[in-house]
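K.L.:
The structure's right below; bear with me while I get my questions together.
The values are calculated or read from the model by the stated rules, or taken from the named source; none is laboratory data. Since the model is a prediction, treat every value here as computed from it, not as a measurement. FYI the Cβ positions are ideal-geometry reconstructions off the backbone, even for glycines, and counts take in every protein chain you see.
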Amino acid sequence: MRNAPWWTAAIVMFGCAQGGPGGDPSADVVVGVGSPATPEPDAGPEPATPDAGFRACDPQIAAGDGVRISDTGACPGLLPAKADCAAELTLCSGGTQANGTTVAGATSDGRGSVVLSCHRADVGPPLVNALFVPTQAGFVSKAGLGVDVKPLADGFVASSGSYLLPPPQYDFLAHDGDLRTEQQGGTLFASASRAVILRVEGGQLVAQSFTADGAAAAKAVVGSYAGSAGSLMLGGAMNAAGETLVVWQVYGDANASARWLASDGTVSTPAFPIAGWSSSVPSTAALAGGAIAVAAEPPSGVSTVRWRGVIGRGETAERTAPSWLASRAGFFLLPGGKAMAFGSEIVGPDGTLCGTVDLGAPLVGVGVDGTAFTARSTRTFRIYPRLFE
């Protein structure tokens, strides 16, 4: 693994380890408190990382307390029956001091490793990301990661720690943080099984796709660009099937351009125009079912997302967002793109309300394996392993 700095905030270790859903607790129950210091060279081997399906549960946390789940019955088998596994990590420093950090978001790969993100109040990268791996002893701190991190079925793609966006390099990491390969940087898109890095090369907008282990796959020219690369703004989103809607806009132009890449990384549609934003490329997000939502440009100082339109899979025009989407704000995609979590509301691809899952605190992330994350405070994450798998 790259020599990234070890995380130095206090972490909680515990020892209630379970197998997959419904599995019996392990007999080897150990409870302890992790040290914030960097491990000594002679500290001995780290606890082994369990196989996929493992859930790390803190026996001192009553996972179901304060949790309310209501199933409408409209999406059979989608909602969890109950929350029976939880853990907590206190990571961020809090927001009272000028250089403080606060809980910002979280995600997980398909093996249950988690990346927790704290928002910085001072200068530097907006997010500080840290990797934790579940073991029989609890979540073990592995490394600090870069500014941009995306989860995979087994590991993550992470920027190499640069303050720059886009970063100059990405690391494809295994679930335990071991480095698999390095790739040149750019604008990153990823789903569970693949990734795409978008770059400007010699007057062309080039999309290089990669397998989940970082091996290069297809390379496609998305468009041409004759101006200064510094005035070209890049964006877009990849859906759960690995199809990518690439969006680009020249600063100062009224319109942006968009184009679909197939899941194999090849161009699948012609380029088409959409309305642009004034100071950045339009913000987008993958919806359940594979379409891409397009956000309206927010007024200055407003952070709440409002959805203006939808571009369907393979479609070459933006249509007005349906009322069920336009009336809601930001969301997290559930595993496989089967539904969306708008706060406590679980909504299907067609806007059907499947039910509600209220975890008693704000939802700040849902991972590839269905792990849900809430902010118990400005410092503490609560982790519900594989809740939405």
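K.L.:
Among the residues of segment 351-389, write down those that are assigned to a strand (DSSP E or B) and either among the basic types (K, R) or at pLDDT below 95 (or both).
P.N.:
The answer is R382, and nothing else.
K.L.:
Hey, another quick one. Here's a check for you: in segment 305-342, which residue that is among the small types (G, A, S), part of a loop (DSSP other than H, G, I, E, B) and in contact (Cβ under 8 Å) with a residue 24 or more places away in the chain is surrounded by the most Cβ atoms within 10 Å (Cβ to Cβ)?
P.N.:
So the residue we want is A339.
K.L.:
Follow-up question, since we're still on this one. Name the residue that is nearest to V196 (Cα to Cα), counting only residues in segment 257-280 that are of a type in the set (A, V, I, L, M) and crowded, with 22+ Cβ neighbours inside 10 Å.
P.N.:
The residue in question is L261.
K.L.:
I would also like to ask the following. For S263, which of the numbered conditions (1) under 25 Å from E345 (Cβ atoms); (2) not in a strand (DSSP E or B) fails to hold?
P.N.:
Result: S263 passes all but (1).
K.L.:
May I pose another question? Go over the candidates V140, V157, V128 one by one and state the one that is more than 20 Å from E88 (Cβ to Cβ) and surrounded by 20 or more Cβ atoms within 10 Å (Cβ to Cβ). So that I can check it myself, show each step before the final result.
P.N.:
Working: V140 fails: more than 20 Å from E88 (Cβ to Cβ); V128 fails: more than 20 Å from E88 (Cβ to Cβ).
Of the residues listed, the single one that is more than 20 Å from E88 (Cβ to Cβ) and surrounded by 20 or more Cβ atoms within 10 Å (Cβ to Cβ) is V157.
K.L.:
State which residue is surrounded by the most Cβ atoms within 10 Å (Cβ to Cβ) when the search covers only segment 234-256 and only residues that are over 17 Å from V196 (Cβ atoms) and not small (G, A, S).
P.N.:
Within segment 234-256, the match that is surrounded by the most Cβ atoms within 10 Å (Cβ to Cβ) is Q249.
K.L.:
Tally up the residues in segment 160-196 that are buried (at least 20 other Cβ atoms within 10 Å of the Cβ), in contact with a Pro (Cβ under 7 Å, 6 or more places away or on another chain) and of a type in the set (S, T, Y), please.
P.N.:
1
K.L.:
Across segment 223-247, what is the total count of residues that are touching a residue at least 40 places away in the same chain (Cβ under 8 Å), in a strand (DSSP E or B) and within 25 Å of the chain's Cα centre (by Cα)?
P.N.:
Number of matching residues: 9.
K.L.:
Continuing with the same structure: May I ask you to say which residue of S191, S209, S257 is within 17 Å of the chain's Cα centre (by Cα) and touching a residue at least 24 places away in the same chain (Cβ under 8 Å)?
P.N.:
Values: S209 fails: within 17 Å of the chain's Cα centre (by Cα); S257 fails: within 17 Å of the chain's Cα centre (by Cα).
Answer to the check: S191.
K.L.:
Mind checking which residues of segment 163-184 are under 30 Å from D122 (Cβ atoms), in contact with an Asp or Glu (Cβ under 9 Å, 6 or more places away or on another chain) and in a loop (DSSP other than H, G, I, E, B)?
P.N.:
Of everything in segment 163-184, those that are under 30 Å from D122 (Cβ atoms), in contact with an Asp or Glu (Cβ under 9 Å, 6 or more places away or on another chain) and in a loop (DSSP other than H, G, I, E, B) turn out to be L165, P166, P167.
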